[in-house]
Amino acid sequence: MALWARQVSCWRCLLQTARAAEFPRRLRICSGTAQACRGFASLALLPSRNDVFPWRLQAYRHVSAGSCSPPDSAKDGSFSSPESNLPSPVKQEQAKAETLPDLNAKILYEDWDDIPSSSALEEISEEEAVQIIAEPLLPLRSSTLRDYVDHSETLAKLVNLGVDLSQVEKRQKAGQLLLTLDFEKDIRKILLFLKDVGVEDNQLGPFLTKNPYILAEDVEALETRVAYLKSKKFGKAEIAQMVSRAPYLLLFSVERLDNRLGFFKNELGFSVKKTKDLVIRLPRLLTGKLEPVKENLQVCQIELGFQHNEIQQIVFKTPKILTASKKRLKQTFDYLHNIMGIPHHMLTRFPQVFNSKLLRIKERHMFLTFLGRAQYDPAQPSYISLDQLVSLPDEVFCTEIAKASIQDFEKFLKTL
């Protein structure tokens, strides 16, 4: 029974050693009787049923159930080598284990050998130093896109296309937008779309200068808006003209475009054909604000005294009157009607006079008055139409209308 207990103790000691992550070469030496150690050795050399203790153990010691202390030979100073007590099979396995190469480490060292050694303090020749070109640093923040053109292929290609970056950067967040786009991935498809719509090649640069935001739009959404205009019987040439003259047109959704067309049709009482003609000649009516348009219509009716049918004629002939300055509109009407004596029906017949500069109207009317030729009644001789008054160049106006020389007109202007 005592022998069995000593053997169990030895098995427990060996089990603790086998569980360690790395088997130490400095073996623990346990004291005990020689008979017990020989008994344990005979058990350790036999493989267990479950191969708990492999034959590849590098070393072991005679152990017993006693306290772990040096044996008698160690006390006498004659300590023997641990390997000398190992059986021959174990010694052979130990030799194999010690000579087993580490393949991973070998490959790793070979990779390290392929990397050329370099150092920031390594000396170089003057020829090599001259060949080093320091790239300019990209500014983290800048108020102009000019600082990024040399670093951005997209900006460089846009400049070659005719885009004025100095104007683009004035528009809110337009500069940041261009810096995030890739020419081949994001911009090329928009350019191809605009060409399909009818925008000329030489107009692509000016178009993107006025409306860089179209580069962030989805092509399918743009095609849907063009398809809506076609469904309203706008021809391809008319759509191309509208898009070129009003670059923001295609940023509007189909619903918004439909509401704008309905507003002008209902507010002015136009037919579908007249409404189309109106927005073709002034497409920015579809993109601008509606408040100035409503205010100008009220000014024409309430303050200037035009009838509804007269307003229709004025707007259809001169659509710009809907977007003109209210102050300028009232000042021009006051001079034409109250100073020159032009009645409402004559202003309705020649509404383009409202697009002329008031100073030009004043100078020519005063010169004709000075010459005694200021006659605007078609029923009277020497009648001068409002169209002739404001549309002709100075030379033609002086010779054909005022019957005077351009020098006389210039001298007269100096007296004012």
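The values are calculated or read from the model by the stated rules, or taken from the named source; none is laboratory data. In this text the structure is predicted, and so the values were computed from the model without any measurement. Every residue, glycine as well, gets a Cβ built from its backbone with ideal geometry; the counts of neighbours run over all protein chains shown. Calculation scope for accessible area: heavy atoms of the full protein, side chains included, ligands and nucleic acids excluded. Shrake-Rupley method; radii C 1.70, N 1.55, O 1.52, S 1.80 Å.
Quick notes on this structure:
- Residue 408 vs. criteria closer than 22 Å to residue 304 by Cβ, open to solvent by 70 Å² or more (accessible area, probe 1.4 Å) and free of Cβ contacts under 8 Å to residues at least 60 places away in the same chain: no
- Listed by first and then second residue, the pairs linking a residue in the range 305-321 that is free of Cβ contacts under 8 Å to residues at least 60 places away in the same chain to a residue that is assigned to a helix (DSSP H, G or I) and among the acidic types (Asp, Glu), with Cβ atoms under 8 Å apart and 6 or more places separating them unless they lie on different chains, are 316/277.
- Within the range 219-244, if we keep just the residues that are open to solvent by 10 Å² or more (accessible area, probe 1.4 Å), of a type outside the set (Gly, Ala, Ser) and within 23 Å of the chain's Cα centre (by Cα), the residue that is farthest from residue 254 (Cα to Cα) turns out to be 219.
- Some residue of the range 338-346 being exposed (fewer than 15 other Cβ atoms within 10 Å of the Cβ), farther than 21 Å from residue 310 by Cβ and not aliphatic (A, V, I, L, M): no
- For the range 250-268, a residue qualifies if it is loosely packed, with under 13 Cβ neighbours inside 10 Å and either closer than 22 Å to residue 308 by Cα or over 39 Å from the mean Cα position of the chain (by Cα) (or both), and the qualifying residues are 262, 266.
- Test: residue in the range 350-361 that is loosely packed, with under 15 Cβ neighbours inside 10 Å and at positive phi: no
- Which numbered condition residue 386 fails, given (1) without any contact (Cβ under 8 Å) to a residue 12 or more places away in the chain; (2) touching a helix residue (DSSP H, G or I) at 6+ places or on another chain (Cβ under 7 Å): (1)
- Scan of the range 174-195 for residues that are touching a helix residue (DSSP H, G or I) at 6+ places or on another chain (Cβ under 9 Å), modelled with pLDDT under 90 and open to solvent by 60 Å² or more (accessible area, probe 1.4 Å), ordered by number: 179, 180
- Options 185, 236, 189: the member that is out of contact with any strand residue (DSSP E or B) (no Cβ under 8 Å at 6 or more places or on another chain) and closer than 25 Å to residue 319 by Cβ: 236
- Residues that are part of a helix (DSSP H, G or I) and either among the small types (Gly, Ala, Ser) or open to solvent by less than 30 Å² (accessible area, probe 1.4 Å) (or both) within the range 209-218 comprise 209, 212, 214, 215, 216, listed in sequence order.
- Applying the condition of being outside any helix (DSSP H, G or I) and either in contact (Cβ under 8 Å) with a residue 12 or more places away in the chain or of a type in the set (Val, Ile, Thr) (or both) to the range 350-371 and asking which residue is farthest from residue 331 (Cα to Cα) yields 350.
- Evaluation of residue 289 against the conditions (1) in contact (Cβ under 8 Å) with a residue 24 or more places away in the chain; (2) within 16 Å of residue 320 (Cβ to Cβ); (3) out of contact with any helix residue (DSSP H, G or I) (no Cβ under 7 Å at 6 or more places or on another chain) shows that the sole unmet condition is (1).
- In the range 189-241, the residues that are of a type in the set (Asp, Glu) and touching a Lys or Arg at 6+ places or on another chain (Cβ under 9 Å): 201, 238
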